[in-house]
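Every number in this text was worked out from the coordinates using simple rules, so none of it is lab data. Worth saying up front: this structure is predicted, and the values here are computed from it rather than measured. Cβ sites come from the backbone with ideal geometry, for glycine too, and all protein chains shown count toward neighbours.
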Amino acid sequence: MVTEDGLVYVDADFGFHPLSLQVGAFPGKAQALAVDKAGQVWAINGQTVLRYDKSDRSWQHILTAMHGTDAIAADPAQGVWVAGRGELFHLGEQILHWPAPDVISPTALLVDEGRRI
């Protein structure tokens, strides 16, 4: 969960706990989170897409979008999808980019098992 104070998780007893992903080191405020099939945590923050690197316990800058990133969703196969006004990205082994009409400004994404967005 993203809060004003950082990233937290909620356990089965509805206890709120700080997420041990170097919360203080997170650059800015996360707008949305996703966990991909490999268990990697992704976050969007303004125009930036970040991925948490477990090996050195830090957030890695993956992408800066031209018009901002508004929504993120895990891909059932690999990686994540990220969308912003006029842009759609698939972040996996490669970064793939598709321009979209500027009038499309997504607020949420969902990718089903057929990889339909």
>> If packing is taken as the average count of other Cβ atoms within 10 Å, what order do 75-86, 56-67, 37-48, 91-102 fall into, highest mean first?
In response: 75-86, 37-48, 56-67, 91-102
> Which far-off residues, 5 or more places away or on another chain, put their amide H under 5 Å from the one on Q31, with H placed in the peptide plane?
Replying inline: I44, N45, G46
> Between I95 and H61, 0.36 nm times their residue separation minus their Cα-Cα distance comes to what?
Replying inline: 11.0 nm
